[in-house]
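Read through the structure below, which is laid out as C-alpha cells, and then see the notes.
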Amino acid sequence: MEKISISTKGNNDIIDITSQVKKVVKKANTKEGVCLVFSSGSTCGLTMIENESGLVRDFKNFLYKLVPVEGDYEHNKIDDNGHAHLLSSLFRPSLSLPVINGDLVLGQWQQIVFIDFDNRPRKREIIVLVK
Ligand code: ZN
C-alpha cells in the first residue's frame, strides 16, 4: 500500500494521478492482480476521463450544470459545501483496475483523475493498493 499526497485548489479541481498510480503498480511487481485506488473524504471523487483541456472544461461545465454551487441546499445551514457532498455522492470513492504483466491496463485516452468538489483548497491523500 502506498499513499499519494496531493494539494488541490478545490472547486472541481481535476488532478491527473495516472503516472503516480502506475509508479506504485510497477513497484508492487504483481504479475496479475487488481489495483485499488481509494480517496477518503465526502467532498471528492475519482473517475476516468481523457485529460484533454477542452474535455476537462466540458467536464467542469457538466458538473456545474448537474449541481450548481449556488443551489439552495439544506446542508448549507451548517456548512457551505452542500453541492460538493452531492457531487461526491455521484462518484465512487474508489476505482478497481486490472493489473496484467505488472502494469495497469488502461485505454490510450483513459486517465485516472481525482476531483475535488469542495469550495476551498485541500490537502488530500489517495490510497493505492495492489494485490
Ligand atoms: Zn459539508
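The values are calculated or read from the model by the stated rules, or taken from the named source; none is laboratory data. Here the structure is a predicted model, which is why all the values come from computation and not from measurement. Every residue, glycine as well, gets a Cβ built from its backbone with ideal geometry; the counts of neighbours run over all protein chains shown. In case anyone asks, the SASA skips ligands and DNA or RNA and just uses the protein heavy atoms, side chains included. Shrake-Rupley method; radii C 1.70, N 1.55, O 1.52, S 1.80 Å.
How about the stretch 95-108: which of its residues are open to solvent by 40 Å² or more (accessible area, probe 1.4 Å) and of a type in the set (A, V, I, L, M)? Those that are open to solvent by 40 Å² or more (accessible area, probe 1.4 Å) and of a type in the set (A, V, I, L, M): 100, 105, 106. Hey, any hits in the stretch 109-120 for a residue that's more than 16 Å from the ligand (Cβ to nearest atom), surrounded by 18 or more Cβ atoms within 10 Å (Cβ to Cβ), aromatic (Phe, Trp, Tyr) and within 12 Å of residue 12 (Cα to Cα)? So far as the stretch 109-120 goes, yes, one or more of its residues are more than 16 Å from the ligand (Cβ to nearest atom), surrounded by 18 or more Cβ atoms within 10 Å (Cβ to Cβ), aromatic (Phe, Trp, Tyr) and within 12 Å of residue 12 (Cα to Cα). Check the stretch 60-78 and report whether any residue there is more than 16 Å from the ligand (Cβ to nearest atom), surrounded by 12 or more Cβ atoms within 10 Å (Cβ to Cβ) and not aliphatic (A, V, I, L, M). Among the residues of the stretch 60-78, at least one is more than 16 Å from the ligand (Cβ to nearest atom), surrounded by 12 or more Cβ atoms within 10 Å (Cβ to Cβ) and not aliphatic (A, V, I, L, M), which makes the answer yes. Residue-level check: of (1) hydrophobic (A, V, I, L, M, F, W, C); (2) more than 16 Å from the ligand (Cβ to nearest atom); (3) under 20 Å from residue 120 (Cα atoms); (4) in contact with a Gly (Cβ under 8 Å, 6 or more places away or on another chain), residue 14 misses just (4). A search for C-beta distances below 9 Å between a residue of the stretch 30-53 that is within 29 Å of residue 82 (Cβ to Cβ) and within 16 Å of the ligand (Cβ to nearest atom) and any residue that is open to solvent by 70 Å² or more (accessible area, probe 1.4 Å) and of a type in the set (Gly, Ala, Ser), counting only pairs 6+ apart in sequence or on different chains, returns 42/89; 45/89.
Among the numbered conditions (1) within 16 Å of the ligand (Cβ to nearest atom); (2) open to solvent by 20 Å² or more (accessible area, probe 1.4 Å), the only one that residue 123 does not meet is (1). Pairs linking a residue in the stretch 78-94 that is without any contact (Cβ under 8 Å) to a residue 24 or more places away in the chain and over 23 Å from residue 129 (Cβ atoms) to a residue that is open to solvent by less than 40 Å² (accessible area, probe 1.4 Å) and more than 10 Å from the ligand (Cβ to nearest atom), with Cβ atoms under 8 Å and 6 or more positions apart or on different chains, are 82/71; 86/67. Go through the stretch 79-108 and report how many residues are among the small types (Gly, Ala, Ser) and more than 11 Å from the ligand (Cβ to nearest atom). Within the stretch 79-108, residues that are among the small types (Gly, Ala, Ser) and more than 11 Å from the ligand (Cβ to nearest atom) number 5.
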